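Below is one structure; the comments refer to it alone.
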Amino acid sequence: MKNKYDLSIWADNHWIENENAWLVWSKENILCHFDFKSGKYELLTQIPDTSYSRFRLTPYCMKYHDDVYCMPAYGKSIWIYNTISYRFDEICIHNSSNVLLNMRDFWEYENKIYVVSNGLGQILEIDPVAKKIENYYHLSNSRSISKSVKVDTKIYSLYSELGIIYQFDLVTKEIFLYKLPDIRRNVNTFCFDGKNFWLSGFRKEIYVWDKEENKVTILDNFPKEFGIYDFSKETDGVANCITDEYEKSTFAYLTVVEEKVWFIPYCTNKILYVNKYTYQLYVFEIDEERETKESILERSSLGHKYLLNYVKDNRYIGLFSIKNQSVLEIDSVELKYKYKQFDYHISERLIKECFDLYNGVFYEGDIWNRVVYNRMMQLKDNNIHNIRSKSVGSDIYKKMAYNIE
């Protein structure tokens, strides 16, 4: 596990191709490549969004042929990086209401790319040859989407209000609305196990929806030690195991790995999994993930438990542990886990881009700023060209964001 002052690359998803993965470092909006065999991350290039803050501008990505599509959350455009020419193209998105686009679910189908914008409540159809949006399909103008999944030729989009699901047919483009029975509370995430949909919301409850019979089964036999942490400044570091209903979502992610449905916490304290045939619920214990008051207060920008990075080989679940600043990989077959440590390689191109982007002004309290500055000095000492020469003493403004131990 990492020291809190080590460089830590975290992402909101990994797009996996065999032993390779593409991802965006969500903190800095930097496109990266990961090699599972060597265990090395390569930080490639700054995504050229001009927004002041780089935090989660385009944090989700997918690869189509030689192009990596970087999808916006807080950003305004889709940025497409060609892995051959090393150049970016931009797709601007019509967003007259200036809502948060949050485009986190996307698929390729019949040589087109379909992307769900949670904020717009729309599905966008992209022509990847022309690199333009061909159609916007409106699901709802009054609600925002919380999660979408693709099943065969249909996209299902979940709206948190009282369990509404829109079905979009990729062939006919028809839209159909489902109102889930027996769910009178908000739900916010779901997945599909090959037969049934699994959903969760803001309570100690799991919902299993059989679409064909339009029947919902509710699982509420949660363990007594299951509870939620307070991630505010007033925290005592102890999980509240008494409350049954929460202001924040019970789980951040649901994912299916063979016969198990995994429930990954947002602010709750236990990873759960359920056998999709027997509905038996189990706790996956990880001692290193128990929080304390100190571990919660040490967090800066991410006040929750995990990010789901990948599911690989229908067996391995890669989570980014925010507490331990490391990738936590769960073996869903052996029911074991390990923390993985990786090496980072930073391209010279990226160093030059960041030096120009920061205009020669670095903040000593920021780990990434220190890495860029030190690498820039090394390149300068080695007579690497195209880095602007400046007087270090007069041009670098050092600002302490926190005390370095």
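The values are calculated or read from the model by the stated rules, or taken from the named source; none is laboratory data. Since the model is a prediction, treat every value here as computed from it, not as a measurement. Ideal geometry is used to build each Cβ from the backbone, glycine not excepted, and the neighbour counts take in all protein chains shown. Keep in mind that these areas ignore ligands, DNA and RNA; they rest on the heavy atoms of the full protein, side chains included. Shrake-Rupley method; radii C 1.70, N 1.55, O 1.52, S 1.80 Å.
The figures follow:
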| item | result |
| --- | --- |
| Label of the coordinate-derived value, volume of the Cα convex hull per residue in Å³, listed as [x] 202; [y] 133; [z] 157 | [z] |
| Separation of the residue 108 and residue 167 label points, Cα + 7 Å toward Cβ, nm | 2.7 nm |
| In nm, spacing of pseudo-spin labels at residue 370 and residue 283 (7 Å Cα→C-beta vector) | 3.8 nm |
| Relative intensity, log₁₀ I(q)/I(0), of the range 249-322 from a Debye sum that treats every alpha carbon as a point, q = 0.20, 0.25 Å⁻¹ | -0.89, -1.26 |
| Burial ranking of peptide ranges 115-128, 166-179, 356-369 (average Cβ count within 10 Å, highest at the top) | 115-128, 356-369, 166-179 |
| The range 26-57-the range 144-174 distance, computed between alpha-carbon centres (Å) | 30 Å |
| Mean residue ellipticity (222 nm) of the chain, computed from DSSP H runs ≥ 4 via -39,500 (n - 2.57), nearest 500 | -2500 deg cm²/dmol |
| Largest-first ellipsoid semi-axes for the range 138-246, taking √(5λ) over the Cα gyration tensor eigenvalues, angstrom | 30, 16, 11 |
| The chain, accessible area per residue, ligands and nucleic acids excluded (1.4 Å, Å²) | 47 Å² |
| Residues residue 218 and residue 143, FRET efficiency given R0 of 25 Å [Cβ-Cβ distance, rounded to 0.05] | 0.60 |
| The range 71-132: chymotrypsin sites (Phe, Trp or Tyr not before Pro) in DSSP loop, at most 11 other beta carbons within 10 Å | 86 |
| Residue 179/residue 381 FRET efficiency (R0 56 Å; Cβ-Cβ; nearest 0.05) | 0.30 |
| Stretch gain in nm, segment residue 154-residue 259, where the contour uses 0.36 nm per residue and the Cα spacing is subtracted | 35.6 nm |
| Dipole of the chain, positive end: most advanced residue of 146, 181, 358 [Cβ charges, Cα centre] | 358 |
| R0 of 35 Å, Cβ-Cβ distance residue 84-residue 38: FRET efficiency to nearest 0.05 | 0.95 |
| Projected label distance in nm at residue 134 and residue 245, using a 7 Å step from Cα toward the beta-carbon | 4.6 nm |
| Rounded to 10°, Cα long-axis angle of helix 348-357 versus longest principal axis of the chain | 90 degrees |
| Global form of the range 73-121, assessed from the alpha-carbon gyration tensor, a/c cut-off 1.5 | oblate |
| Acute angle (nearest 10 degrees) that the helix 367-381 long axis makes with the longest principal axis of the chain, alpha-carbon atoms | 30 degrees |
| The range 137-220 - percent of accessible surface contributed by carbon and sulfur, probe 1.4 Å | 45 percent |
| Debye, to nearest 20: dipole size of the chain, +1 on Lys, Arg Cβ, -1 on Asp, Glu Cβ | 680 debye |
| Subset of 179/276; 27/270; 76/338; 131/260 violating a 28 Å alpha-carbon distance limit | 76/338; 131/260 |
| The range 126-176, Cα convex hull volume normalised per residue, Å³ | 98 Å³ |
| DSSP bridge orientation in the chain - percent antiparallel, rounded to nearest 5 | 95 percent |
